[in-house]
1. Which of Tyr31, His116, Gly103 sits closest to the plus end of the dipole of the chain, meaning its Cα is farthest towards the positive end, when Lys and Arg get +1 and Asp and Glu get -1 on the C-beta?
2. Taking the Cβ of Pro128 as the centre, find all other residues whose Cβ is under 12 Å away and add up their charges (Lys, Arg: +1; Asp, Glu: -1).
3. Going by a ≥ b ≥ c, the root eigenvalues of the Cα gyration tensor, does the chain fall in the rounded group (a/c under 1.5), the prolate group (a/b larger than b/c) or the oblate group?
4. Give a residue-ordered list of calculated ³J(HN,Hα) values for region 7-14 (Karplus: 6.51 cos²θ - 1.76 cosθ + 1.60, θ = phi - 60°; whole Hz; x for Gly, Pro).
5. Select from Ser63, Asn47, Ser74 the residue farthest towards the positive end of the dipole of the chain; place +1 on Cβ of Lys and Arg, -1 on Cβ of Asp and Glu, and compute about the Cα centre.
6. Under unit Cβ charges (Lys, Arg +1; Asp, Glu -1), what dipole magnitude, rounded to 20 debye, does the chain have relative to its Cα centre?
7. Excluding Leu38 itself, what net charge comes from residues whose Cβ is under 10 Å from its Cβ, given Lys and Arg +1 and Asp and Glu -1?
8. List the residues whose amide H sits under 5 Å from the amide H of Ile113, counting only those 5 or more places along or on another chain, with H placed 1.01 Å from N in the peptide plane.
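What follows is calculated from the coordinates using simple rules that are stated; it is not laboratory data. These numbers come from a predicted model, not from an experiment. Cβ sites come from the backbone with ideal geometry, for glycine too, and all protein chains shown count toward neighbours.
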Amino acid sequence: MSLATYIGCNIELPINDVDEGSDEFFYIYGYFADELNLLNVKNHQFNTPYIYEISGNWGIEISPYMNPKRRAKSQKNLMKLFEIMDTHISNDDFFELYSCWVGEEAREREGEITLHINNFDIDQIEIPEQTLVRFVK
């Protein structure tokens, strides 16, 4: 199984070109998910019209129980996502993030969090799988 991370937003985003050989392997594009996975996550998790899978070759999950190397990679990918979204969404807008195992997009979520993009310490937050996180700009 693979951990997929999806984002939902109120605007259409450009799709990144995929360069799988790069050390900076992060993009907005399908990697693990198919159309049914995207439809399920849209219908069961998000409140926004545009849904995308994002990838850093694994989903974003930040919890104290993770391997420290994978946690650091998730934190780095989340910060990269903030850079991307900061250029696309306007002030007072938001985007949502949800990570789950592929095939579990329609399962009931375990939690919900709201954070401001530029107002938290990346080392102090936890984003476990099956948690909807709303990031407000």
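1. His116
2. -3
3. rounded
4. Running phi through 6.51 cos²θ - 1.76 cosθ + 1.60 with θ = phi - 60° gives 10, x, 8, 8, 10, 6, 10, x Hz.
5. Of the listed residues, the answer is Ser63.
6. Here the chain has a charge dipole of around 280 debye.
7. -3
8. Amide H neighbours of Ile113, under 5 Å, 5+ apart: Leu132, Val133, Arg134.
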